[in-house]
Structures are given as structure tokens and as C-alpha cells.
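As C-alpha cells, the structure follows; a few thoughts come after it.
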Amino acid sequence: MGDSFDVAVVGGGISGVGVALEAAKRGKNVVLVERGTLLSQTSSNSLRIIHGGLRYLQQFHFPRVVQSLRSQIELLNLYPEHIKRLPCLMPLQSRGIKQKPFMAAAGAFYNLLYRAAGGGIRNADILSQDQVREYSPHAAHLFAQGAFLWHDAHVVHLSKFFSTLREELLERGVTLLENHTVTEVSQVSGGFALSGTSILTASNVVNVAGPWFHSGIQAKHMSAQRRPYKWAKGYNLLMKKPFPSSYALGLQGKSGRLFFLSPRSDGFAVGTWYAPFEGPADEVFVSEEEQSTALGEICELFPDLALSLSDIIDVEVGVLPMKGYDRVGDPELYGAERYAVFPGYVEVLSTKFTPFLYQARKVLTLLER
């Protein structure tokens, strides 16, 4: 019937790469099947931020904060030539939970969690407007009440990082099948058969192909874990003008939308906007009208930059699982990855770049059970 493997991973995004790496580290004979080029779809169109879980702090989800910080620290240690610490600024407010006293307390607690996760450097602090002006003179007008400073991390050169991951897969003996389509996974004696461009068998299958493949594997307890598949496109604008800050910025527009601006070697990226998406995942795109609307929201924050559509040198767009809609009708994404489990088979809906190795270890634990 074809080659046989211990683990077959369907989907060569960052989640699939993580599973293949972790399985190979455990001595498994692994094949990674990707319908296109490895790490070329949603994974290559993210903001490249390795989050430290600050967003979970306001939800009082402390274990997830620690898990995010540990994932961030692990990646900084494993790939120091590609992943660097990134200082970030968020404006303090005169009212609400972003007032200075509340954010100072949050920063102190975040530092405690950072040390508990194994970090050794102070991770958060409060800055005055004068201090912000020193680091980000073109953004100081947004920080009248001062700023909350924290450190995330980012992938400096994504293509070089992805090349390193590819080399690591090959060094660990993972069989890479790029430009190979899987059309069906079916149960056979002793495991599963994967049909498509090639026919192969595997004792275990991990499906991390997202909107690109639905296996059709059904079981009562597994179907109960699944919800109807809904998808959203997430997109970022890459601007060619110089970044208005030496630090990354987390800002809130007049509409209430949250933006993250981060430096790139050729300008800066800003995002992320989300919109419902239906249709073939390969045909996802962002219209000029959507780009213009997004650009207008950024111009409200930085009128002095005089940005125009001609300043957009790229639009990074990916497809993510959508939970539903929020109160104002915008897509609401899942806050964490989701798993559907059948003996020998795990299906993963992944939403985050940061925990790809942690997620991979969890998937292998599910398979072992």
C-alpha cells in the first residue's frame, strides 16, 4: 500500500512542524505531508510575535499566562539567532482598568509570574510620558497618562527561522512530502491509510491542516468534541514607511479596536483585522476597500505619517478557526487550541504561533493515551 510510518502529520504549518519535531525527538518514524510548501500559508502571514500571555492576565487565567511565558522563554533559548525580546508599550488611561495604579499592580504580578516561568529579567514596568518620548517621539501624543511597558518576543527574519526548522526536521529523519495532497484518511488494520497524491499508512495520524482538509473520521465521542467549522481571515498591513517608534505599540483606536504595531526591517506591520471567510482557503484575499478602511483607522492614530494605499507593500492574510461573533458582530476567535480525539487520531484547531512546541507535546500525550 505504500510506505508505513509511526506518525503521519497532515499539514505543514507551524503546528504540524512542531508535532513532527517532537515526535521525531521521541524516536518515531514520522512523515509530514503538506499540500503546498512547508510553512507557506497562515504561519508565514502572522505578526511574528511570540506572546508572553499578557492578554490572559486580565482574564485571571494565570496558568495560561505561565504556560505562554514558558513557551516564549523556551523559544528564546532554542532559537536565539532568530527570536529576540521585543519591548512593547501600551498607553495608560485616566479611567478604567488601564489606570496607572491598576497597571502597576498588574505589572508587578506579571513580573512574579515571569520569574515563576523561569525568566530572569524584569519583564514589565510603568513609564512616564517623558520616558515614552525618549523611545517613541512620534507616538508620545498617544501616551499622555504614561505607558505600560512589557516584553514580548518576535521572529526577526521569518524565512531564516523557517529554514532552520526545515533543516531540523530533515536532520531528525522526518520524511517531508511537499506538494502532496491528502484527500482521505481511513481506518485500516493496525492504523490508518492516507490517500491522495501518494498512498501511505501510519499507526497514528495528526491532522493540523485547518481549513485545507477535513478527514471525515467520525466517532460518537469525537463528533461531540467538534463544533461546526467556521473560519475567519486575519490580515495585517505591511507599511514601507519608517516605524514611528523604537518599541512595538499596543494601541486602541477610536472605534475601540485594538492594534499592534511592530517594526520590520523594511518598515512596520500593523494588525490584526478579522473578517468572516467562506470559500476555498487558497483563495483568501483582502480587497482594496478593506485595505483602505484599515488604513484609515491607522491614519487616525498617526495623522503625521500621511499614509496612503501606495505605502502598503504587502498584506499578510491567513485563515483561522472562528468561534462565532462578538457583541458588535466582529469575528470571535478561539482563545486556545482545540482538539478532537479518536484512538490513534488527533485533529487540532490551532490559533496561536507561540505555543507550537507545547501544543505538539500535548498532542503526543493524547496519542499515547
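Quick notes on this one:
- Based on Cα contacts under 8 Å between residues 6+ apart, the chain shows a relative contact order of 23 percent.
- Long-range amide H partners of residue 342 with built H, under 5 Å: 347
- Applying 0.36 nm per residue to the separation of residue 198 and residue 125 and subtracting their alpha-carbon distance, the gain on full extension is 20.9 nm.
- Shape summary of segment 317-362, radius of gyration then Dmax from alpha carbon positions: 12.7, 41 Å.
- With Cα atoms, 0 to 90° folded angle of helix 288-301 axis to the chain main axis: 40
- Residue 309-residue 144 FRET efficiency (beta carbon distance; Förster radius 25 Å; 0.05 resolution): 0.25
- Measure of compaction for segment 4-88 (Cα Rg per 2.2 N^0.38 Å): 1.30
- Listed by chain and number, the aspartates and glutamates placed with their C-alpha closer than 17 angstrom to that of residue 98 are 125; residues fewer than eight positions away on the same chain are left out.
- Cross-link pairs beyond the 25 Å C-alpha cut-off, checked among 230/352; 28/233; 25/362; 100/254; 160/241; 241/352: 28/233; 241/352
- Value of D in µm² per second that Stokes-Einstein yields for the chain, Kirkwood Rh from Cα pairs, at 20 °C (1.002 mPa s): 98
- Net charge of Cβ neighbours under 13 Å - reference residue 367; Lys, Arg +1; Asp, Glu -1: +1
- Share antiparallel - DSSP beta bridges, the chain, percent rounded to 5: 75
- Two-site label geometry, residue 179 and residue 332: point separation in nm, points 7 Å out along Cα→Cβ: 4.4
- Relative contact order of segment 238-369: 18 percent, from C-alpha pairs under 8 Å at least 6 residues apart in sequence.
- Seen from residue 143, the other residues with C-beta closer than 11 Å to its C-beta sum to a net charge of 0, counting Lys and Arg as +1 and Asp and Glu as -1.
- Shape descriptor for segment 54-99: Rg over Rh equals 1.10 (Cα atoms; Rh from the Kirkwood inverse mean 1/r).
- Computed lengthening from residue 81 to residue 94, 0.36 nm per intervening residue step minus Cα-Cα distance: 0.7 nm
- Overall, the anisotropy analysis places segment 259-369 in the prolate class: the square-rooted eigenvalues a ≥ b ≥ c of its C-alpha gyration tensor yield a/c not less than 1.5, with a/b exceeding b/c.
- Charge tally in the Cβ shell below 12 Å around residue 87, where Lys, Arg are +1 and Asp, Glu are -1, residue 87 excluded: +1
- Ratio Rg/Rh, restricted to segment 22-136 and using Cα atoms, in which Rh is the Kirkwood radius: 1.07
- Potential lengthening of the chain between residue 289 and residue 156 amounts to 44.9 nm, from the contour at 0.36 nm per residue minus the alpha-carbon distance.
Values in this text are rule-based calculations from the coordinates and carry no lab data. Keep in mind that this is a model prediction, so the values were computed, not measured. Note: ideal-geometry Cβ built from the backbone for every residue, glycine included; neighbour counts use all protein chains shown.
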